[in-house]
Amino acid sequence: MQAVILSIGDELVLGQTVDTNAAWLSARLVEWGIMTRWHLTVADDQAAITDAILDAASEARLVLITGGLGPTDDDLTRQALAAAMNVPLVLDAESLSHIETFFRGRGRPMAERNKVQALLPRGARALRNEAGTAPGIEAHIGATRVFVMPGVPGEMIHLFDRHIAPALDAWPDAGDSVILTATLHCLGRGESDIAQILGDRMARDRNPLVGTTVANGFIGVRVRSQFPTRAQAADELEAAIADLRQALGPLVVGRDHESLPQIVGDLLRSRNKTLATAESCTAGLIGKYLTDPPGSSAYYLGGNIVYSNAAKHRDLDVPLDMLEQHGAVSEPVAKALAENVRAKFDVDYALAVTGIAGPTGGTPDKPVGLVYLALADRRQPTLIHRVIFPGDRDMVRDRTAKAALNMLRLRLLDS
């Protein structure tokens with residue numbers, strides 16, 4: 001079985017609100033072996049919504065719709081669904097009673113216009129919404145089953161879990177297979193390099209199916225395993241993941257929801273090692289990432305934000321003649337920052353970064369995006385990388401912080 005997901009709302013079409021509902025619903029549907037054929041975002045226009053519903057019903061046996069169930073004039077999904085079904089809207093007394101009870105329970109008068117939320121296309125069924133006022137709707141257009149939910153994510157999740165998930169469980173032919181997915185997050189090489197390493201593993205006729213995406217500086221290697229039973233899908237998925245890990249080696253940072261800071265923190269904790277940082281162009285971003293995981297004080301002892309030359313000299317004893325001769329964005333300064341902050345905090349490792357995040361400040365010799373990263377080690381020589389990162393100011397800073405953490409991750413794996 002395949003599904004279509006429609007997201008309704010001007011705020012989505014205009015980019016004022018990011019549509020997280022469609023992604024969440026697609027991820028849930030694979031639990032029943034249901035692939036989403038397409039997502040569509042539709043403005044608050046009744047005719048456009050009706051057309052989208054009819055197109056979706058012609059393409060899939062399951063249509064999920066979020067948004068447009070509120071009480072205002074721009075909430076038009078119920079009207080559009082009725083038009084697609086070619087039936088009138090009728091008042092559902094039980095839904096109206098629930099809405100009235102909802103307002104009474106909060107000590108608020110119910111506005112007359114809220115009654116519109118109790119209207120349903122004739123022949124449709126209301127899905128009671130304990131998380132808000134607007135009930136969901138279940139309807140049929142030919143052989144296609146249609147579920148409509150509010151656009152508020154919490155209400156959408158509530159209705160899906162309470163009404164739609166049980167309906168899918170009871171639907172004998174909802175899915176004739178089980179789909180399981182996983183993603184390996186890679187850092188240090190580009191998408192084309194990853195694809196070259198994987199070679200035939202990415203052939204589109206394979207199962208499990210392997211693909212790549214780029215997001216937030218990471219290359220995601222996605223695996224989709226689709227088989228008749230959950231046990232077989234799980235076994236094939238894990239076998240594919242193991243093969244990919246072997247092929248990609250240390251390029252693999254983590255899997256699924258594992259984060260780079262958490263992985264670095266776990267490595268530091270397991271080896272009983274400590275860390276400090278000296279940050280210029282990232283202005284504390286590395287420290288922020290390191291302290292996102294709880295319990296990070298066990299291994300991250302602190303750091304210095306040394307944005308100006310004066311701060312580099314005053315707080316971490318970088319010689320003024322070094323700054324004058326080489327400039328703040330240079331290998332000698334990065335090395336001095338890392339070694340001096342390591343000594344200051346008496347830690348096993350120290351990370352230091354200095355660079356030009358832009359958009360101004362670049363020169364032909366030192367362009368915007370140039371960064372020096374240094375890793376000082378109590379037992380080994382200081383490691384220094386020179387990198388030129390593409391992108392705007394935020395991207396350069398983010399990629400610098402992640403590259404620094406990845407330097408440490410690789411050193412810890414070798415230790």
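The values are calculated or read from the model by the stated rules, or taken from the named source; none is laboratory data. Given the structure is predicted, the values throughout are model-derived calculations rather than measurements. Quick reminder, even Gly has a Cβ in these numbers, built from the backbone with ideal geometry, and neighbours come from all protein chains shown. These area figures cover heavy atoms from the full protein model, side chains too; ligands, DNA and RNA do not enter into them. Shrake-Rupley method; radii C 1.70, N 1.55, O 1.52, S 1.80 Å.
Among beta bridges identified by DSSP and lying wholly in the chain, the antiparallel ones come to about 60 percent.
Considering only Ala357, Thr282, Pro293, and ranking their Cα positions along the charge dipole of the range 278-379 that arises from unit charges at the beta-carbon of Lys, Arg, Asp and Glu, the one farthest toward the positive end is Pro293.
Over all distinct Cα-Cα pairs of the range 1-41, the Kirkwood formula returns a hydrodynamic radius of 10.7 Å. Kirkwood hydrodynamic radius of the range 26-67, from the reciprocal of the average inverse Cα-Cα distance over all distinct pairs: 11.3 Å. For Gly302, the residues whose modelled amide H falls within less than 5 Å of its own, excluding neighbours fewer than 5 places apart on the same chain, are Thr277. Residue-wise HN-Hα couplings along the range 401-415, as the Karplus relation 6.51 cos²θ - 1.76 cosθ + 1.60 with θ = phi - 60° gives them from phi, are 4, 5, 5, 5, 4, 5, 4, 5, 4, 5, 5, 5, 5, 7, 8 Hz; Gly and Pro carry x. When Rg and the Kirkwood radius Rh are both evaluated on Cα atoms of the range 211-343, their ratio Rg/Rh stands at 1.14. Close Lys pairs in the range 256-385 (alpha-carbon distance under 22 Å; sequence gap of 8 or more, or different chains): 11. A Förster distance of 30 Å, applied to the separation of the beta-carbon atoms of His326 and Asp414, puts the FRET efficiency at 0.55. A straight chain from Ala298 to Arg230 at 0.36 nm per residue would run longer than the Cα-Cα distance by 20.5 nm. Label reach from Arg189 (point 7 Å along Cα→C-beta): in the range 250-272, amide nitrogens under 13 Å belong to 250-253. Taking the Cβ-Cβ separation of Gln2 and Ala167 as r and a Förster radius of 22 Å, what is the calculated FRET efficiency to the nearest 0.05? Here the calculated transfer efficiency is 0.85. Residue-wise HN-Hα couplings along the range 205-220, as the Karplus relation 6.51 cos²θ - 1.76 cosθ + 1.60 with θ = phi - 60° gives them from phi, are 9, 8, 9, x, 8, 10, x, 10, 9, 10, 7, 6, x, 9, 9, x Hz; Gly and Pro carry x. Placing a label point 7 Å from the Cα of Ser259 along the Cα-to-Cβ direction, the residues of the range 271-285 whose backbone N falls under 15 Å of that point are 285. Taking a ≥ b ≥ c as the square roots of the eigenvalues of the Cα gyration tensor of the range 272-318, is the shape rounded (a/c under 1.5), prolate (a/b larger than b/c) or oblate? In terms of gyration-tensor shape, oblate. Taking amide hydrogens as placed 1.01 Å from N in the peptide plane, the amide H of Val90 sits under 5 Å from those of Leu120, Arg122, each at least 5 positions away in sequence or on another chain.
Among Gly295, Gly188, Gly284, the residue with the largest mean-square fluctuation in a Gaussian network model of the chain, with springs joining Cα atoms closer than 10 Å, is Gly295. With Rh defined as the Kirkwood radius, the inverse of the mean 1/r over Cα pairs, the Rg/Rh of the chain is 1.10.
With Cα atoms defining each centre, the range 143-197 and the range 13-48 are spaced 11 Å apart in the structure.
Phi angles of the range 25-36 translate, via the Karplus equation with coefficients 6.51, -1.76, 1.60 and θ = phi - 60°, into HN-Hα couplings of 5, 4, 5, 5, 4, 5, 4, 9, x, 9, 8, 7 Hz per residue; Gly and Pro are given as x.
Between Asp55 and Asp10, the contour length at 0.36 nm per residue exceeds the alpha carbon distance by 14.2 nm. Would you check the accessible area of Met407, probe 1.4 Å, heavy atoms only, in square angstrom rounded to 10? Using a 1.4 Å probe on the heavy atoms, I get roughly 10 Å². Say each of Asp392 and Ala215 gets a label point 7 Å from the Cα, pointing the same way as Cα to Cβ; how far apart are those two points in nm? In this crude spin-label approximation the distance works out to 2.0 nm. Here r is the Cβ-Cβ distance between Leu383 and Thr17 and R0 is 35 Å; the resulting FRET efficiency, rounded to 0.05, is 0.20. With coordinates expressed along the principal axes, the C-alpha atoms belonging to the range 1-114 extend over 43, 30, 29 Å, beginning with the largest. Each of Glu31 and Arg106 was given a label point 7 Å from its Cα along the Cα-to-Cβ line. The distance between the two points is 2.7 nm. Using the Cα coordinates of the range 204-285, the gyration tensor eigenvalues translate into equivalent-ellipsoid semi-axes of 33, 16, 10 Å, sorted from longest to shortest. Once you divide the Cα radius of gyration of the range 347-415 by 2.2 N^0.38 Å, the number left is 1.18. Heavy-atom accessible area for Arg162, with the other protein chains in place and a 1.4 Å probe, reaches approximately 110 Å². Averaging the sequence gap over all C-alpha pairs within less than 8 Å and six or more residues apart, then dividing by the number of residues, gives the chain a relative contact order of 10 percent.
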